[in-house]
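Participant: The structure that follows is given in the form of structure tokens.
The values are calculated or read from the model by the stated rules, or taken from the named source; none is laboratory data. Computed from a predicted structure; not experimentally measured. So basically every Cβ, Gly included, is an ideal-geometry build from the backbone, and we count neighbours across all protein chains shown. Just so you know, the surface numbers come from the protein's heavy atoms only, side chains and all, with ligands and any DNA or RNA stripped out. Shrake-Rupley method; radii C 1.70, N 1.55, O 1.52, S 1.80 Å.
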Amino acid sequence: MTQITLRQHMHSQSTDAALMLLIEDIATACRMIADRVRHGAFAGVLGAAETENVQGETQKELDVISDEIFQQVVGDNPHLAALVSEEVDEVNWRKSEPKAGDFVVYYDPLDGSSNLDVNLSVGTIFSIVQLDADIAPEPEAVQIKGTQQIAAGYAIYGPSTGLVITVGQGVDGFTHHPGSGEFLLTQPEMAIPPKTQEFAINASRYDMWEPPVRQYIDDCLRGVDGPRDKKFNMRWCASMVADVHRILTRGGVFLYPKDSGNAAQGGKLRLMYEANPMAMLVEQAGGAASTGLGRIVEVAPTGHHQRVSVILGSRDEVAVIEGYHEG
Ligand code: AHM
Ligand code: MG
């Protein structure tokens with residue numbers, strides 16, 4: 001079997017050299033985070049750390065460690081204007097005079113970290129935007145719409161370590177090959193089937209959902225006797241990376257809507273480093289990503305830790321859910 005490395009693949013897509021180096025830096029950070037995740041129990045880093053992140057959530061030590069690794073490995077990239085991390089309140093400016101052509105990287109260094117103690121999959125999510133003008137290093141300058149992303153991806157730390165990326169030419173999946181240390185192309189041109197009979201939602205929030213979401217799930221659960229005329233399967237990993245990876249592999253829809261329990265914050269998931277990159281990946285794989293009322297990537301950001309409703313996956317099913325919202 002011909003084995004294609006991440007770099008060879010990016011060459012074949014004529015990826016811009018500066019972007020390629022940045023993605024390679026991110027891939028290196030992910031390999032190092034994967035190693036720490038894998039040794040977590042031995043290194044004694046699975047318990048809750050003393051600190052809280054900017055959203056007031058208790059951080060696992062590995063959240064902090066993963067963020068440090070990412071900053072250390074990616075932060076010195078010569079074309080990097082700023083890093084925006086889930087774990088850091090302020091924008092981490094790497095240049096005092098960011099120029100057109102420089103990159104901003106938004107990332108969640110360790111998503112789904114509540115899964116660490118139970119040894120289930122977690123991941124790192126990233127989004128890359130290229131500045132189209134010189135800017136002053138102010139927080140508002142990184143509030144850039146998801147439509148401006150030039151690349152996005154995630155690493156998944158599961159039974160194997162995977163890297164899934166898009167540079168706007170479809171979505172490709174790589175698997176870390178421990179012998180060579182390379183990410184090798186294993187799932188070229190990932191495509192989400194347009195139809196599905198599988199949904200993922202945290203159903204414990206049923207009483208807090210808005211009527212369209214509750215009606216949609218009620219109708220799915222009625223199976224062949226209900227308005228959908230088919231039986232649905234249900235999954236919930238409590239790890240967005242794992243749920244999206246399943247959807248990119250075999251289809252399905254994922255919902256984390258705004259509800260009465262999280263409405264004050266605008267939802268649960270963060271726009272810039274969770275929703276936008278996953279939306280770009282899903283759209284590039286032929287799926288759809290919506291707030292229920294429109295494309296996620298069209299949402300105009302008002303803060304770099306902003307939260308948003310997320311409904312993504314198989315495009316026909318996302319259209320059905322948008323239909324419930326129109327009603
Ligand atoms: P995190 O960034 O603090 O890990 O939170 C994001 C995670 C997602 O990976 C996952 O889809 C969701 O939170 C799970 O939420 P819940 O605990 O409500 O099921
Ligand atoms: Mg997260």
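Participant: With a Förster radius of 51 Å, plug the Cβ-Cβ distance of His39 and Val224 into 1/(1 + (r/R0)^6) and report the FRET value to the nearest 0.05. Don't skip to the answer; put the middle values down first.
Facilitator: Values: r = 48 Å, r/R0 = 0.93.
Efficiency, rounded to the nearest 0.05: 0.60.
Participant: Give me a comma-separated list of calculated 3J(HN,Hα) values for segment 286-294, in order, Karplus coefficients 6.51, -1.76, 1.60 applied at θ = phi - 60°, integers in Hz, x for any Gly or Pro.
Facilitator: Coupling constants for segment 286-294: x, x, 9, 9, 9, 8, x, 10, x Hz.
Participant: Let me ask another. Quickly work out the Thr302-to-Val88 label distance, labels modelled 7 Å from Cα along the C-beta direction, and quote it in nm with one decimal.
Facilitator: Distance between label points: 2.6 nm.
Participant: Heavy-atom accessible area per residue, the chain, 1.4 Å probe: how many Å²?
Facilitator: On a per-residue basis, 42 Å².
Participant: Then there's this: Assuming R0 = 51 Å, what is the FRET efficiency of Gln3 and Arg214, from their Cβ-Cβ distance, to the nearest 0.05?
Facilitator: 0.60
Participant: Please list 3J(HN,Hα) in residue order for segment 3-9, calculated via the Karplus relation 6.51 cos²θ - 1.76 cosθ + 1.60 where θ = phi - 60°; whole Hz, with x for glycine and proline.
Facilitator: 10, 9, 7, 4, 5, 4, 5
Participant: With a Förster radius of 25 Å, plug the Cβ-Cβ distance of Ile150 and Thr175 into 1/(1 + (r/R0)^6) and report the FRET value to the nearest 0.05.
Facilitator: According to the calculation, E is roughly 0.55.
Participant: Provide the convex hull volume over Cα atoms per residue for the chain, in Å³.
Facilitator: Output value, Cα hull per residue: 132 Å³.
Participant: What is the Cα centroid distance between segment 291-327 and segment 230-274, reported in whole angstrom?
Facilitator: Result: 11 Å between the Cα centres.
Participant: Mind listing the phi-derived Karplus ³J(HN,Hα) values for segment 235-252, rounded to whole Hz, using 6.51, -1.76 and 1.60 with θ = phi - 60°, and x for any glycine or proline?
Facilitator: 9, 7, 8, 6, 9, 4, 4, 5, 5, 5, 4, 5, 5, 5, 8, 9, x, x
Participant: Using amide H atoms built in the peptide plane, which far-off residues or other-chain residues are under 5 Å from Val310 H to H?
Facilitator: Placed amide hydrogens put Tyr256, Lys258 under 5 Å from Val310.
Participant: 7 Å from Cα along Cα→Cβ at both Gln187 and Leu21: what's the point-to-point distance in nm?
Facilitator: Roughly 3.1 nm, to one decimal.
Participant: Can I ask one more? Per the 1.4 Å probe, what fraction of the accessible area of the chain, in percent, lies on carbon and sulfur atoms? All intermediate terms of the calculation are to be shown ahead of the outcome.
Facilitator: Working: 6830 of 13770 Å².
Carbon and sulfur together cover 50 percent of it.
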